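Report on the structure given below.
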Amino acid sequence: MADVTSEDIQFRDDVTVELVKATAQDSDVIFAARVSTLGEQSLHPAEDDAQSGGLIRYLMRERHGSPFEHSNFTFYVQAPIFVWREHMRHRMCSYNEESGRYRQLRPVFYLPSPERRLVQVGKTGAYDFIDGTPEQYAVVSEATESACRKSYESYEAMLAAGVAREVARIVLPVNIYSSAYVSMNARGLMNFLSLRRKSEDSRFPSYPQREIEMVAERYEEEWAKLMPLTHAAFVANGRVAP
Ligand SMILES: Cc1cc2nc3c(=O)[nH]c(=O)nc-3n(C[C@H](O)[C@H](O)[C@H](O)COP(=O)(O)OP(=O)(O)OC[C@H]3O[C@@H](n4cnc5c(N)ncnc54)[C@H](O)[C@@H]3O)c2cc1C
């Protein structure tokens, strides 16, 4: 018996990003870097914020990346599969994702909000997006909703006929949500942010898809609270990952 049906279909225009656990603070960078001159005494560095900030800025500027690896964040993320396809290219992250073989996938689908810019302009690699017209938004809404309803009904029909979940899922679209735990250290996170956020402060601008940028924005918000000096140094250094 299916525990959810196409009657329960939901459309969302957001992502969920929750910080599940973290061992991450600016002093993690300091003790790791100071071992080079202080040895075992580096665990108790007598530094104030100004000195720590100076050292972190130096490491960032010179791209001494390894001291930024002694931290860890685990996020719980719900996002559409087309976002996961991009996210999972980031090999510095560790992933565990819900299975479409071992559980019935929920009928939760991404539908862009009316604020999502719909029209692409500019050249390859540096696209810009502008607002769609109400008519264009109506086309997106209607086409997305009807395709999702139809595909979920087909999925259910196969499950009801006794077909395995791993086969039935082949009809589901890439805007269905999936969930995963994502773990990374601050160095991996900076690499992710340098590529998945569009910022005028970036020395090497990137033009990510808006929906993965929504995940990146939430990661950055959580990270900045935990490691404010490291975050500030990253921004001041043109958002270049060390
Ligand atoms: C705007 C944008 C558009 C994109 N378009 C496309 C596209 O059209 N097609 C496509 O296929 N991909 C595309 N990508 C994905 C992109 O090519 C990267 O796969 C993705 O951004 C992950 O980056 P990364 O390899 O630096 O991350 P990670 O895998 O986390 O790696 C981090 C760093 O580790 C090092 N590293 C990791 N693995 C290796 C390795 N095997 N060998 C050497 N060094 C390694 C590198 O220094 C790398 O920068 C796009 C990405 C962005 C941001």
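Read-outs: derived from the displayed coordinates by stated rules, not from any lab. All of these numbers come straight from a predicted model, not from anything done at the bench. As a convention, Cβ positions derive from the backbone with ideal geometry for all residues, glycine included, and neighbour counts pool all protein chains shown.
Potential lengthening of the chain between Val240 and Ser183 amounts to 18.5 nm, from the contour at 0.36 nm per residue minus the alpha-carbon distance. Against the main long axis of the alpha-carbon atoms of the chain, helix 210-226 sits at an angle near 40°.
What FRET efficiency comes out for the pair Arg149/Ser99, r = Cβ-Cβ distance, R0 = 22 Å, nearest 0.05?
Working: r = 24 Å, r/R0 = 1.07.
Result of the calculation: an efficiency of 0.40.
Label positions at Arg117 and Met92, each projected 7 Å from the Cα along the C-beta direction, are separated by 2.7 nm. Can you tell me, using C-alpha contacts under 8 Å and at least 6 residues apart, the relative contact order of the chain as a whole percent? Across the chain, relative contact order equals 31 percent. Here the chain yields Rg over Rh of 1.07, to two decimals, using C-alpha coordinates and the Kirkwood radius.
Suppose the Debye formula is applied to equal point scatterers at every Cα of the stretch 11-103; what is log10 I(q)/I(0) at q = 0.11, 0.13 Å⁻¹? Treating every Cα as an identical point scatterer, log10 I(q)/I(0) equals -0.50, -0.64. Assuming R0 = 30 Å, what is the FRET efficiency of Gln25 and Glu200, from their Cβ-Cβ distance, to the nearest 0.05? Approximately 0.55, to the nearest 0.05.
Ranking of Leu229, Leu193 by neighbouring Cβ atoms within 10 Å, starting from the fewest: Leu229, Leu193. Between Val167 and Val35, the contour length at 0.36 nm per residue exceeds the Cα-Cα span by 42.2 nm. With both labels modelled 7 Å from their Cα along Cα-to-Cβ, the Thr74 to Arg12 distance reads 2.0 nm. Remark: Arg196, Arg57, Arg63 ranked as Arg63, Arg57, Arg196, counting other beta-carbon atoms within 10 Å and listing the fewest first.
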